[in-house]
Each structure stands twice: as C-alpha cells, then as structure tokens.
Amino acid sequence: MGYVRKWVQIIFGFLMNGYWGFPFSRSIYQGPMKVICAPGLNCYSCPAATSYCILGSLQNLLANVRLSLEAGQYYLGLYVVGSAGVLGGLFGRMICGWACPFGFVQELLHKIPSPKYRVPRPLRYGKFFFLVVFVILLPLFAIDEFGAGVTWFCKFVCPAGTLEAGLPMLVLQPSLRAGLGLIFWNKFVILLLFLVWSVLSSRPFCRVVCPLGAFYALFSRFRMVRLRLDKGNCITCGACHPVCPMGVKFDQSPDDADCITCMKCMTKACRFDAIYLEVGGIPVRAGRTLARPVAATSRQKTEG
C-alpha cells in the first residue's frame with residue numbers, strides 16, 4: 001500500500017502542476033484549467049500549477065469582500081468553500097496523505113538518515129490558530145484605508161508558496177531579484193526551518209501549521225472514507241503507534257483529527273485485522289486476523 005500511495009502522490013503532483021511550458025513563457029499559467037480546485041496545498045503562483053489554491057482563494061475572497069459589497073458584487077465564494085467542503089466531507093485529511101505535494105516533500109526529507117524527534121502534541125493546535133487568524137480574521141478585518149485586506153498566510157507564512165512559486169519565479173524572471181525585501185527573506189527562513197525540521201521530525205508543517213489540514217481535520221468524524229477500529233480484535237499492543245507519520249495512537253483515538261489515512265497502521269503494523277478501511281459505511285478489511293495471544297484472550301474473558 002505504501003508503494004501505491006507514493007505513486008498516487010506523484011500522479012497528483014503532476015496533475016496539479018501539469019503546465020510544462022513555463023520555461024518558455026517564463027510566467028504563471030493562466031489558462032482555462034486554473035478554475036479547478038487543488039485538493040492539496042499547491043501554490044496558485046507556481047509557474048507549472050494548473051489549478052487554484054483553496055487557501056489563497058479564500059483569503060482573496062475575504063480580503064476583498066468589502067470592496068465587492070460596495071461595488072454591488074455579492075460574491076459569496078460558494079464555489080471555493082463548496083469545493084473544500086466536498087473534498088473534506090469525502091476524504092478529510094486523507095488528502096494530506098495522498099494528494100498534497102508539500103506533504104510528499106516532507107515525507108521524502110524525513111527519509112534522510114538523522115536523529116528523529118517527536119513533535120510535541122500541544123503544537124498540533126497551532127494549525128487551527130493559523131486557519132482562524134491568518135486565513136480568516138486578518139484578511140477580513142486587517143484592512144487598509146481603501147477597505148482591502150491582504151492574503152496574510154500566503155504573503156507572510158506559506159513555505160509551500162516559497163518553494164513552488166517564489167524560488168522558481170526568481171529563476172525564470174531574474175529582474176524580480178532586485179525587489180526582494182524583508183517579506184521574502186522572512187518566508188525563505190520559514191521554508192528552511194520546515195525543510196530541516198522535516199528531516200528530524202515527521203511532517204511538522206502538516207501537524208503544526210497547515211490551515212488546509214486544519215480545515216480537513218474538521219471532517220474527521222464525518223468523512224466518507226476513513227479508518228475504523230474493531231475493538232473486538234484490538235489487543236492494545238501499541239504496534240500502530242510508531243508507524244504513524246502524524247503521531248496518532250490509533251487504538252486510543254481512532255477518530256483523531258490528525259489521521260491522514262495513510263494506512264500504515266493497517267497494512268504494516270496491525271496483525272489482528274483490528275484496523276480496517278470504511279468507504280461510505282462499507283468496511284474494507286485486510287483479512288489477516290490471526291490467533292490472539294493467550295494472555296490477551298484470558299484478560300478479555302476475565303474483564304467480561
């Protein structure tokens with residue numbers, strides 16, 4: 001399954017970045033496909049991007065909502081919000097594990113031999129802070145004298161934008177280098193921080209900062225495709241803990257909002273078919289149920 005997931009990640013990366021004429025045009029793709037929603041974190045300004053970023057579009061909508069209303073243009077952004085809602089309702093954070101280019105980059109970096117460290121669990125709430133403050137509140141309320149806001153997360157934080165758009169555009173258009181300022185270097189330092197952190201810890205940006213992951217996490221209990229725990233088969237051995245790239249202890253919190261449904265716990269760790277995939281309420285099991293250890297069986301009889 002891990003092999004399949006890697007190929008799915010690669011395919012999605014190419015689908016979201018399918019414009020390969022940028023070395024000749026030296027500009028951002030603006031064709032008809034740019035109205036398609038990118039399910040993962042993929043910068044709109046990437047010269048190869050053929051889709052739009054949900055976070056960037058939402059920030060643009062909120063940043064200009066006052067100007068639109070004053071002009072009598074009642075743009076509610078139902079297409080943007082609806083696209084995100086449909087994806088979240090179907091897959092939740094499974095998109096992070098299967099279709100996000102920046103998540104894939106972090107996974108590759110984590111394979112580099114080095115000491116490995118855990119991401120402190122309290123930091124997981126940081127992504128909800130960035131979603132509420134940087135994606136919603138600041139673009140909506142931190143406005144200039146003309147009533148317009150800015151895309152705070154994209155402009156000041158997003159390392160994926162720096163990697164996929166900022167650096168490539170500096171190569172394609174050298175004239176842009178003269179205008180580099182504090183904002184760029186701030187984002188460049190943030191990018192370096194997360195690239196190094198990704199070597200030492202598994203998916204730190206996904207777990208600590210990503211607002212898109214925070215949005216998809218809101219659907220963790222209601223999504224159509226999800227992992228389930230069969231408590232009757234689970235012996236609480238903890239084998240699912242160390243294999244999870246998001247630090248989820250699945251036997252303890254099967255509805256954890258950080259689960260990206262990578263299925264490592266199901267295919268690589270659990271030997272008793274206690275974890276299975278559910279698609280639209282229909283269970284899809286691995287079918288590897290083995291004999292239980294005597295101690296576990298005796299304990300369950302005693303507790304019963």
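Computed extension gain for Val35 through Ala178, at 0.36 nm per residue and net of the alpha carbon distance, reaches 48.3 nm. Using the Cβ of Thr151 as centre and a radius below 14 Å, the other residues enclosed give a net charge of +1, where K and R count +1 and D and E count -1. Running a GNM on the chain with Cα contacts under 10 Å, which residue among Thr261, Thr50, Thr236 ends up with the highest mean-square fluctuation? In this elastic network of the chain, the residue with the biggest mean-square fluctuation among Thr261, Thr50, Thr236 is Thr236.
Here Val284 and Ser45 are evaluated by their C-beta separation; at R0 = 30 Å the FRET efficiency comes out at 0.20. Using R0 = 41 Å, the C-beta based FRET efficiency linking Phe188 and Val4 works out to 0.75. Rounded to the nearest Hz, the phi-derived 3J(HN,Hα) couplings of the stretch 175-186 under the Karplus curve 6.51 cos²θ - 1.76 cosθ + 1.60 (θ = phi - 60°) are 5, 5, 5, 5, x, 5, x, 4, 4, 5, 5, 4, where x marks glycine and proline. Taking 17 Å as the straight-line reach from the Cα of Lys231, the lysines in range (excluding those fewer than 8 positions away in the same chain) are Lys249, Lys301.
For the pair Cys237 and Ile112, label points projected 7 Å from Cα toward Cβ lie 3.5 nm apart. For the chain, the Kirkwood estimate of hydrodynamic radius, built from reciprocal distances between every pair of different alpha carbons, is 21.0 Å. For the residue pairs Lys6/Lys127; Lys34/Lys155; Lys34/Lys116; Lys111/Lys187, the C-alpha atoms sit more than 29 angstrom apart in Lys34/Lys116.
For the Cα atoms of the chain, what angle does the longest principal axis make with the long axis of helix 2-16, in degrees from 0 to 90, nearest 10? Helix 2-16 sits roughly 20 degrees off the main axis of the chain. Give me D for the stretch 79-157 in µm² s⁻¹, whole number, from Stokes-Einstein with Rh from the Kirkwood sum over alpha-carbon pairs, 4 °C and 1.567 mPa s. Translational diffusion coefficient: 83 µm²/s. Just the number, please: carbon plus sulfur as a percent of the accessible area of the chain, 1.4 Å probe, no ligands or DNA/RNA counted. Answer for the chain: carbon and sulfur cover 70 percent of the accessible area. Each residue of the stretch 46-55 is assigned a 3J(HN,Hα), and the resulting list reads 4, x, 9, 5, 10, 9, 9, 8, 4, 5 Hz, derived from the Karplus form 6.51 cos²θ - 1.76 cosθ + 1.60 (θ = phi - 60°), x at Gly and Pro. Ligands, DNA and RNA are left out, and with a 1.4 angstrom probe the accessible area of the chain is 51 Å² per residue. Extension gain, Val86 to Leu15: 0.36 nm times the residue separation minus the Cα-Cα distance gives 23.6 nm. Round to the nearest 0.05 the FRET efficiency obtained for Tyr125 and Arg26 when R0 = 45 Å and r is the Cβ-Cβ distance. It comes out at approximately 0.65. Would you mind calculating the relative contact order of the chain from Cα pairs under 8 angstrom and at least 6 residues apart, reporting the percent as a whole number? Over the chain, the number comes to 20 percent.
The values are calculated or read from the model by the stated rules, or taken from the named source; none is laboratory data. The shown structure was predicted, so the numbers you read here are calculated from the model rather than taken from an experiment. A quick note on method: Cβ atoms are made from the backbone with ideal geometry, for glycine too, and the neighbour counts reach across all protein chains shown. To get the accessible areas, we keep the full protein, side chains included, count just its heavy atoms, and leave off ligands, DNA and RNA. Shrake-Rupley method; radii C 1.70, N 1.55, O 1.52, S 1.80 Å.
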